Amino acid sequence: MRLAIAGFRHYHILWMYDSAKENPNVEIAGCLEEDAQHREATKKKYNIDFNYNTYDELLADKTVDAVAIGDYFAKRGQMVIKALKAGKHVIADRPICTDIKELDEIRKLVKDTGLTVSCRLDLRYMPQTERAKDIIGSGEIGKVINISFTGQHCLNYGARPRWYFEPGKQGGTINDIAIHGVDLVRYLTGKSVSKIDCARTYNAFADKEPDFKDCGMFMARMDDITLTADVSYAAPKFSGTLPTYWNFYFWGTDGMMNFNLADSRIHIYKDKEYIIECPDRKPDYLNDFLTDISGGKSIMETEGILDSQRDTLLLQMFADKYGE
């Protein structure tokens, strides 16, 4: 597969560049960064050559099979749409888009063309993911009633891209961060958001950017499960891994389960605590992307990814409308 990489405005796209260089089944057709200042800084810092001048030029390259997208969040939706219209598969950093109408068009294009859309939803590759899915599916903790997760991040002034704080470019903190947790819960339970009880974004910690809503919280239902979450940029600058960085709790009728990104264990609480050690897993986005393109069974399937983006956008829209 020949892959072109479009947009280096978020450092997450570097994982795609590095992964593509290392994958024998992928050839990098070229790179694009339309912002001249960021292009020169990226070229100098990472020694990346940019051989496309515009996105239209990239899409016109008939040798390109797929596009990896890493521009600022609000720009991504239209980039995905244009790539699909040009007959290219897409793999994007998260979020895929910031507008529900764009997502609807993406879904229609996928249905009409049979093309694949993938996304960097790396919590699916946590060491605990598959074992936790088995625990829920087997009823080991009974019927799951409540789920709660925290995905708090550090605001990281100075290192975080400046466009985060520019109006209209980030698209909301829930959509920015919560897509990871929502996607993992959907993957583990097979359920989607069916009702939103409350959602709020607000400014609290970003004192230098009073218009930036750095905090995001919500409560929603996934059929008969109640889900609560905090995905705020509230974490202090810390040299280690905080317990509020991707920490998941599941309460069932017969027990409770907890795991987090800080280690590879699952904690089960029933009559006593049971600890399950889980082997490390290496994210394999590109090969799973290729598997989905070929029609094979992939944990990064297009339909599920688009469903996770939809649920997260609905939560963000609720917060935008009612969460002041």
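The values are calculated or read from the model by the stated rules, or taken from the named source; none is laboratory data. Since we're looking at a predicted model, the values are computed, not measured. With ideal geometry, Cβ positions are generated from the backbone for all residues, glycine too; neighbour counts draw on all protein chains shown.
Of note:
- When residues of region 145-174 are limited to those that are closer than 24 Å to residue 243 by Cα and polar (S, T, N, Q), the one surrounded by the most Cβ atoms within 10 Å (Cβ to Cβ): 173
- Checking 295, 240 one by one, the residue that is closer than 23 Å to residue 19 by Cβ, assigned to a loop (DSSP other than H, G, I, E, B) and out of contact with any helix residue (DSSP H, G or I) (no Cβ under 8 Å at 6 or more places or on another chain) is 295 and no other.
- Residue check, residue 282 in a helix (DSSP H, G or I) and loosely packed, with under 14 Cβ neighbours inside 10 Å: no
- In region 195-227, the residue that is nearest to the chain's Cα centre (by Cα) out of those that are in a loop (DSSP other than H, G, I, E, B) and closer than 19 Å to residue 251 by Cα is 223.
- Qualifying residue in region 199-218 (condition: of a type outside the set (A, V, I, L, M, F, W, C), in contact (Cβ under 8 Å) with a residue 24 or more places away in the chain, farther than 28 Å from residue 166 by Cα and outside the structural domain of residue 22 (by TED's automatic domain parsing)): no
- Annotation for region 82-99: no member residue is assigned to a loop (DSSP other than H, G, I, E, B), assigned by TED's automatic domain parsing to the domain that holds residue 184 and crowded, with 19+ Cβ neighbours inside 10 Å.
- Region 13-59, residues that are assigned to a loop (DSSP other than H, G, I, E, B) and in contact with a Lys or Arg (Cβ under 6 Å, 6 or more places away or on another chain): 33, 50
- All conditions but one from (1) assigned to a helix (DSSP H, G or I); (2) out of contact with any Cys (no Cβ under 9 Å at 6 or more places or on another chain); (3) farther than 25 Å from residue 135 by Cα apply to residue 311; the one that does not is (3).
- Residue match in region 270-292 (condition: under 30 Å from residue 66 (Cα atoms) and without any contact (Cβ under 8 Å) to a residue 24 or more places away in the chain): yes
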